[in-house]
């Protein structure tokens with residue numbers, strides 16, 4: 001397949017929408033579909049073709065990117081467990097960019113291969129801002145020749161791409177990266193909670209952290225959001241809770257210690273139950289504040 005051939009993209013949510021837009025803006029002929037039709041409007045305006053349904057997209061595209069919420073959404077789009085599955089995946093390269101359990105991805109890869117298709121894992125690290133800027137970090141697993149073919153297609157989305165080996169190594173790598181990201185942001189929220197309760201100047205707190213050796217692109221953005229009490233979504237609470245649970249499940253299956261992730265999962269679950277499911281992950285500070293109120 002030539003890079004200029006039309007490819008398909010399904011899943012235009014918080015991350016998928018800007019990722020697909022970057023493909024369009026790079027001149028990649030694109031067909032899109034989303035369960036919520038209104039999310040296709042920016043893509044149509046950017047020049048993408050909007051498919052009538054998922055089946056129509058698979059009929060007209062042999063390479064299909066999926067940026068879907070979970071395993072159930074992926075199975076539904078692929079028609080897995082129905083007669084439609086083999087028709088949709090045979091002769092196709094299915095590129096899964098969302099985050100699911102590694103075991104699920106492994107068995108999905110086997111089913112697609114058995115049906116005559118090809119499967120590549122391509123989860124990404126980053127939130128909405130780097131997605132909009134085409135600055136995500138991609139992790140790839142699957143047949144080497146397919147990975148090499150996909151690299152130029154993924155370049156408008158990812159600033160760097162890493163070959164992780166065979167499926168499900170890319171998702172296992174993504175969960176390892178998420179372990180650091182989630183514990184880091186949760187620790188930052190706890191530090192800000194500590195600083196605020198001691199009456200410290202929050203701008204000075206931010207300046208000192210930003211000047212220090214622990215500063216990162218993520219910490220700078222999250223500190224600013226904390227200081228301004230801006231909880232608008234970049235990486236949503238419910239998504240982070242899902243990823244936290246995936247890490248905990250994978251850790252249990254591998255017999256690895258995971259005390260910090262157990263605590264984080266509990267805090268994000270509390271935040272979701274408080275009604276903040278659609279807000280940014282830094283909103284986890286609300287759970288810390290609630291816990292402090294209960295202890296007084």
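A few notes on this one:
- Residue check, residue 256 in the same structural domain as residue 178 (by TED's automatic domain parsing) and part of a loop (DSSP other than H, G, I, E, B): yes
- Any hit, region 277-286, residues being at negative phi, in contact with a helix residue (DSSP H, G or I) (Cβ under 7 Å, 6 or more places away or on another chain), assigned to a helix (DSSP H, G or I) and surrounded by fewer than 18 Cβ atoms within 10 Å (Cβ to Cβ): no
- Exclusive hit being buried (at least 19 other Cβ atoms within 10 Å of the Cβ) and touching a strand residue (DSSP E or B) at 6+ places or on another chain (Cβ under 7 Å), set 147, 182: 147
Matching residues to (1) in contact with a strand residue (DSSP E or B) (Cβ under 8 Å, 6 or more places away or on another chain); (2) surrounded by fewer than 21 Cβ atoms within 10 Å (Cβ to Cβ); (3) on the phi > 0 side of the Ramachandran plot:
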position: 113; (1), (2), (3): yes, yes, no
position: 119; (1), (2), (3): yes, no, no
position: 123; (1), (2), (3): yes, no, no
position: 156; (1), (2), (3): no, yes, no
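- Residue check, residue 72 assigned to a helix (DSSP H, G or I), assigned by TED's automatic domain parsing to the domain that holds residue 135 and closer than 23 Å to residue 87 by Cβ: yes
- Condition check for residue 208 on (1) free of Cβ contacts under 8 Å to residues at least 24 places away in the same chain; (2) surrounded by 20 or more Cβ atoms within 10 Å (Cβ to Cβ): one failure, at (2).
- Selected residue (only one of 105, 109, 127 is outside the structural domain of residue 244 (by TED's automatic domain parsing), under 13 Å from the mean Cα position of the chain (by Cα) and within 25 Å of residue 244 (Cα to Cα)): 127
- Condition check for residue 17: in a strand (DSSP E or B) and either touching a strand residue (DSSP E or B) at 6+ places or on another chain (Cβ under 6 Å) or crowded, with 20+ Cβ neighbours inside 10 Å (or both): no
- Residue satisfying all of: in region 33-67; more than 24 Å from residue 119 (Cβ to Cβ) and under 22 Å from the mean Cα position of the chain (by Cα); surrounded by the most Cβ atoms within 10 Å (Cβ to Cβ) among these: 43
- Test set (1) farther than 21 Å from residue 290 by Cβ; (2) free of Cβ contacts under 8 Å to residues at least 60 places away in the same chain; (3) assigned to a helix (DSSP H, G or I) - residue 247 fails condition number: (2)
The values are calculated or read from the model by the stated rules, or taken from the named source; none is laboratory data. Quick caveat, the model's predicted, so the values are computed rather than measured. For neighbour counting, all protein chains shown are included, and Cβ atoms are generated from backbone atoms with ideal geometry for every residue, glycine included.
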